[in-house]
Amino acid sequence: MSPAPLPVARTLEALRRQVAAWRAAGDRVAMVPTMGALHDGHLSLVNLARTKADRVVASVFVNPTQFAPHEDFDAYPRDEARDASLLAQVGCDLLYAPTVDVMYAQGFSTTVTVSGVSEPLDGQARPTHFAGVATVVTKLLLQCGPDVAVFGEKDYQQLQVIKRLVADLDIPVEVVGAPTARAADGLALSSRNAYLTADERAKAPTLAAALRRAAERL
């Protein structure tokens, strides 16, 4: 028997109305922010969130502010119907799928910047990326007001940026990091793996193997 269709909130008002109803019933709420194109790694975040709360909200929003002009915003895979079906199968209670206009209304002019942890590593190669991430995650957490929010450790620097902004801005949410989900051959699951050719996909696991070997030798 297939699960019932997943309810979808597309406006801030609809999201807050549903969360308020859950809170009135005494429920604890978790949030799993995503950019969609879901895979088993995302679903593992939802499964972990379900152990932390009575209700789970997953958001799907391809955030334009974390993409540089030359990056793959337009090409980023999108399939909301498939995402909603997968979320329903793992017991998610609500899909929050706002439009760009909902997230960044006309005249929007605020950016959340986390210095220090955002600057090395990926921050050097993508200097505007983490400000976009920090801004959208701050908005999502304030919009939903969850008790707990779950993020994957695959994007480890991103997780540290989020923990820092939550602490610095006194946002009352517990940030939980979830272990990286991997394919049987060791490749970390990622929506962007869809870009790989068959030859590239066959070679990709050697990166994880090399990193493990380097760690062992150290």
Point to revise | Residue satisfying all of: in region 92-127; of a type in the set (S, T, Y) and buried (at least 16 other Cβ atoms within 10 Å of the Cβ); nearest to V175 (Cα to Cα) among these | key: S118
Check your understanding: Considering only residues of region 23-43 that are in contact with a Lys or Arg (Cβ under 6 Å, 6 or more places away or on another chain) and of a type outside the set (G, A, S), which is most open to solvent (accessible area, probe 1.4 Å)?
Key -> D27
Exercise for review: Considering each of G107, G91, G123 in turn, give the residue that is in a helix (DSSP H, G or I) and over 14 Å from the mean Cα position of the chain (by Cα).
Suggested key: G123
Exercise for review: Kindly indicate the residue of region 4-15 that is outside any strand (DSSP E or B) and closer than 14 Å to D93 by Cα and also most open to solvent (accessible area, probe 1.4 Å) among those meeting that condition.
Suggested key: P5
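What number of residues within region 44-66 are of a type in the set (A, V, I, L, M, F, W, C), touching a residue at least 40 places away in the same chain (Cβ under 8 Å) and open to solvent by less than 20 Å² (accessible area, probe 1.4 Å)? Explain how you work it out, then say what you get.
Let us first name the residues in region 44-66 that are of a type in the set (A, V, I, L, M, F, W, C), namely 45-46, 48-49, 53, 56-58, 60-62.
Checking the rest, the ones that are also touching a residue at least 40 places away in the same chain (Cβ under 8 Å) come to 45-46, 48-49, 53, 57, 61.
Within this subset, residues satisfying the condition of being open to solvent by less than 20 Å² (accessible area, probe 1.4 Å) are 45-46, 49, 53, 57, 61.
The number of residues fulfilling the criteria is 6.
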Revision key, fill the gap. Restricting region 163-218 to residues that are surrounded by 14 or more Cβ atoms within 10 Å (Cβ to Cβ) and of a type in the set (S, T, Y), the one nearest to V117 (Cα to Cα) turns out to be T180
Revision key, fill the gap. When region 67-88 is checked residue by residue, the ones that are under 15 Å from the mean Cα position of the chain (by Cα), closer than 19 Å to V133 by Cβ and open to solvent by 60 Å² or more (accessible area, probe 1.4 Å) are R78
Check your understanding: Counting only residues that are assigned to a helix (DSSP H, G or I) and of a type outside the set (S, T, N, Q), which one in region 137-152 is farthest from V19 (Cα to Cα)?
Key -> V137
Review point. When you look at A134, is it part of a helix (DSSP H, G or I), surrounded by fewer than 12 Cβ atoms within 10 Å (Cβ to Cβ) and free of Cβ contacts under 8 Å to residues at least 40 places away in the same chain, yes or no?
Key: no
Exercise for review: Determine, yes or no, whether T197 is more than 23 Å from T34 (Cβ to Cβ) and β-branched (V, I, T).
Suggested key: yes
Revision key, fill the gap. Flagged pairs (Cβ under 7 angstrom, 6 or more apart or on separate chains; first in region 6-32, closer than 15 Å to V173 by Cβ; second part of a loop (DSSP other than H, G, I, E, B) and open to solvent by 20 Å² or more (accessible area, probe 1.4 Å)) are V19/G145; R28/D54; R28/D147; V29/D147; A30/D147
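The values are calculated or read from the model by the stated rules, or taken from the named source; none is laboratory data. On a predicted model such as this, the values are computed, not experimentally measured, just so you know. Here Cβ is always computed from backbone atoms with ideal geometry, including for glycine, and neighbour counts include all displayed protein chains. For accessibility, only protein heavy atoms count, side chains too; no ligands or nucleic acids. Shrake-Rupley method; radii C 1.70, N 1.55, O 1.52, S 1.80 Å.
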